[in-house]
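What follows draws every value from the coordinates through simple rules; no lab data is involved. Predicted, not measured: the structure shown is a model, and the values here were computed from it. We place every Cβ from the backbone using ideal geometry, glycine too, and count neighbours over all the protein chains shown.
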Amino acid sequence: MRRGTNLPRVGDFNQMVVLDQVRRAPDGTSRSELAASTGLSLQAVSNIVARLIALGYVVEGERRAEGRGKPRTMLYLEPQGAYALGVHIDPVVVTSVLVDLDGRTVEKVVEPTPAGPEAVAGAVAAAAAGMLDRAGIERSAVLGLGVAAPGPVDLAAGTVIRPPLLDGWEEVPVRDLLAAATGFDVVLDKDVSAAMVAELWRGNRMLRGTSLFFYTGFGVAVAVAHDGELLAGSSRNAGEVGHLMVDNDGPRCDCGQRGCIGVSAAPATLVAEAVAGGVLPAGTPA
C-alpha cells in the first residue's frame, strides 16, 4: 500500500495517496486516520484534503464521536467529482469506457477493431464523444484517457513496438495519435499492466504480499505486484513471457522456435487440439 512522504515537491504524489485512501474507505475516514495510514503529518493531510474538497473529489460528511476524543469529521469520495476515459486495443475489438472517480463504468462501447492506427484513433474519438454525450458529462470533467495496448511498449515515447496480430502497428505513436484525435491527455500502458492496476484499484485483497496476474488472449503476459505496487521493471515491459518455450515439440511460433507459451496457449492452438482430440466437432471456429 502506498504511503506518502513529507519531503518537499511531492505534492501530486501525496494527493494521489490521500485520495486513494479516501476511496478505499466506503464508510468514511478522517484526517487523523489518513495521517496514520499514509505516514503524512496531520498538517500535510489537512492541506491536501482542502485541495481535494476544492476540486470536488472529496466531500465532508457527519461528525463522528468515538471515545473521549474530539469528534472526527468524516471524509468521503465524490464519485461524480471527475471522470476518465479508458480504451483497450485488441486485434479483434476496441473497448472504450467512461468511468467515474471510483472506477465504476458509466458508459461502454465495444466495436470491431478498424484496420490501421488512424482508423482506430478515429473510432476511439467517436466513441468518447458519444459516451460523454449520452452520459451528459462535459469534457472539462474528464481527467484524461488511459490506453491499454498489447506489449511491448515504449512508454517514454508513447509507442507500441510490435503488437501481435496487429498489422501495420510497428512503432506506432499511440499516445500522441489518440491525444490528437480526442483532445485529451493520454496515458499508455501494456494491457496486462493495466489489468493488474485495475485489480489493485478495485479491491483490497491484493494490497499485501505478492500477487501474480496471468493474462491470456491473443497473446500471453504476466504482471506482478507487491504490497499494492505494480512491478513493471525499468522499461515497464516486465512480464513479456510469450516467447518462453514450454514444449520442444509444440506449434511453430512466428519467432521461428517451437512451443513458445504464447502460441501454445493461443485460442487457435487450443481449439485445434480439442478438435484433433475429439473434444470439439470439426469446423469449430477458433
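Among the helices of the chain (complete DSSP H runs), which have Cα atoms covering no less than 15 Å along the helix axis and a Kyte-Doolittle mean of at least 1.0? The partial results should precede the final answer.
Working: long enough: 11-23 (18 Å, -0.10); 42-55 (20 Å, 1.56); 117-135 (27 Å, 0.86); 191-202 (16 Å, 0.52).
Span-like helices in the chain: 42-55.
Dividing the convex hull volume of the alpha-carbon atoms in region 203-275 by its residue count gives 117 Å³ per residue.
With all projection directions averaged, the alpha carbon convex hull of region 1-131 covers 10.3 nm².
Note on region 82-197: percent of Cα-Cα distances in each 10 Å bin, starting at 0 and stopping at the bin with the largest distance, equals 15, 51, 30, 4.
About the Cα centre, and with charges only on the beta carbon of Lys, Arg (+1) and Asp, Glu (-1), how big is the dipole of the chain? Nearest 20 debye, please.
Working: 25 positive and 32 negative charges, 270 e Å.
Dipole magnitude for the chain comes out near 1300 debye.
Placing unit charges on the Cβ atoms only, positive for Lys and Arg and negative for Asp and Glu, gives region 82-197 a dipole magnitude near 180 debye about its Cα centre.
Label-to-label distance, Glu229 versus Ala180, with points set 7 angstrom from Cα along the beta-carbon direction: 3.7 nm. Placing unit charges on the Cβ atoms of the charged side chains and taking the dipole of the chain about its Cα centre, the candidate lying farthest along the positive direction among Ala157, Ala115, Gln257 is Ala157. What is the list of residues in region 62-77 whose amide nitrogen lies under 19 Å from a point 7 angstrom out from the Cα of Ser32, following Cα to Cβ? Zone members listed by number: 62-76. Hull volume per residue, based on the alpha-carbon atoms of the chain and their convex hull, is 173 Å³.
Return a whole-number percent for the relative contact order of the chain, with Cα pairs under 8 Å and 6 or more residues apart as the contact set. Don't skip to the answer; put the middle values down first.
On the way: 532 pairs, mean separation 29.8, N = 286.
Taking the mean separation of contacting Cα pairs over the length of the chain, I get 10 percent.
Here the Debye sum runs over all C-alpha atoms of region 40-83 as equal scatterers in vacuum, and log10 of I(q)/I(0) at q = 0.16, 0.24, 0.26 Å⁻¹ comes out as -0.50, -0.90, -0.96. Restricting attention to the chain, close to 75% of DSSP beta bridges with both partner residues there are antiparallel. Computed over region 11-77, the Cα gyration tensor eigenvalues convert (square root of 5λ each) into semi-axes of 18, 13, 10 Å, ordered from largest to smallest.
For region 163-261, GluC sites (Glu not before Pro) meeting the loop criterion (DSSP other than H, G, I, E, B) and having at most 14 other Cβ atoms within 10 Å: Glu170, Glu171. For region 139-286, the gyration tensor built on C-alpha atoms gives a prolate shape. Its axis ratio a/c (a ≥ b ≥ c) is at least 1.5, and a/b is the larger of a/b and b/c.
Mind ordering 190-197, 126-133 by average Cβ neighbours within 10 Å, highest first?
Details: 190-197: 23.1, 126-133: 17.5.
Output ranking for 190-197, 126-133: 190-197, 126-133.
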